[in-house]
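Below: the structure, in structure tokens.
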Ligand code: ADP
Ligand code: MG
């Protein structure tokens, strides 16, 4: 069992993405490395424009990298044929977008929305209905099965959207700013739902957001800036144990995570602006010394 836990489901290796438009080139990803293990719940956090959506869409097989590779479950994603890639999108990943209009068909009720992806699977009508109801129970929206998206609140729409994304039993659930369009109370509810699904189903979940509050609920937080991973925060065990018992307000005041800078393959480390300022470093050269088993970076 423990071996299974550390098995990686996703490996990103030197991902580069350059968008070319008529007069400019934008480098959205600048050699991004990332490994995610099976069953992890991960938040990728960064400012707008830092490359989060590009990365998520790449993992989802929607955007091709300019350079670098992605392996999902050991398979090299972009060496697949278009047909294989289409099958991958349908069977291996589930998407939840920020905008529920992108997630749901407006003219289908909630139940029909959850049933929709199941038409691609060999199933009887009864099995399809049962599975859809089961998914809606899991996301806590079964009581609104007959409602149309328009009749649901933003939070309820996202619950339906998450049920839709889970319909094909994906290995990875990808969510791009899932709490971007709802108030903070609803946002908390959705965060708790992701955590519950991760715990109960063991599904790997990757959430991309600029909302730093999400970090308090997730065991691994990856910070992206300028198309690269800068730091990682790992939740402290003591905090994890209290997560279910304490209120969100109390939790927000606690010291939840340990912060790590990421060492890339070329042994480079990115220093935060705050750290540089605090150390009075304002040039492009620094001194690196090893003292008592510690590396010291100074002016
Ligand atoms: P985030 O999701 O973190 O806001 P994105 O991945 O959407 O970041 O964008 C990263 C950068 O790439 C931005 O500068 C954005 O303007 C640019 N970009 C994203 N998609 C495209 C595209 N289809 N064509 C051109 N530039 C793009
Ligand atoms: Mg985005």
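Things worth noting here:
- Taking the number of Cβ atoms within 10 Å of each Cβ as an exposure proxy, the fewest-first ranking of 142, 73, 282 is 282, 73, 142.
- Summarising the strand pairing of the chain, around 65 percent of its internal DSSP beta bridges are antiparallel.
- Here r is the Cβ-Cβ distance between residue 73 and residue 22 and R0 is 35 Å; the resulting FRET efficiency, rounded to 0.05, is 0.40.
- Relative to the dominant Cα principal axis of the chain, helix 125-138 is inclined by about 40°.
- The stretch 79-188: proportion of alpha-carbon pairs further apart than 23 angstrom, %: 26
- Exposure proxy order (Cβ contacts within 10 Å, fewest to most) of 269, 290: 290, 269
- When only alpha carbons are used to place a centre, the stretch 67-133 and the stretch 156-175 end up 9 Å from one another.
- Where only C-alpha atoms are counted, convex hull volume of the chain per residue in Å³: 181
- Percent RCO, i.e. relative contact order, over the stretch 96-170, from Cα pairs under 8 Å lying at least 6 residues apart: 46
- Approximate spin-label separation residue 90-residue 185, in nm, with each point projected 7 Å along Cα-to-Cβ: 4.2
- Remark: spin-label model distance residue 169-residue 294 equals 5.2 nm, labels positioned 7 Å along the Cα→Cβ axis.
- On Cα atoms only, tilt of 82-91 relative to the major axis of the chain in degrees: 70
- Using a Förster distance of 51 Å, the FRET efficiency for residue 238-residue 133 (Cβ separation, nearest 0.05): 0.85
- Think of it as helices only: each DSSP H run of n ≥ 4 in the chain is worth -39500 (n - 2.57), and spread over all residues that comes to -9000 deg cm²/dmol at 222 nm.
- C-alpha long axis of helix 184-201 to longest principal axis of the chain, angle in °: 80
- Model label sites at residue 125 and residue 80, defined 7 Å from Cα along the beta-carbon direction, differ in position by 3.3 nm.
- With contacts taken as Cα pairs under 8 Å and at least 6 residues apart, the chain reaches a relative contact order of 20 percent.
- Gaussian network model of the chain, Cα within-10 Å springs - most flexible of 224, 208, 121: 121
- Of the residues 128, 159, 64, the one with the fewest other Cβ atoms within 10 Å heads the list, and the complete ranking is 64, 128, 159.
- Each pair of Cα atoms in the stretch 167-299 enters the Kirkwood radius, and Stokes-Einstein at 25 °C and 0.890 mPa s then converts it into a translational diffusion coefficient of 141 µm²/s.
Here, each number is a calculation from the coordinates, and none is a lab measurement. From a predicted model like this one, the values you see are computed outputs, not experimental measurements. Note: ideal-geometry Cβ built from the backbone for every residue, glycine included; neighbour counts use all protein chains shown.
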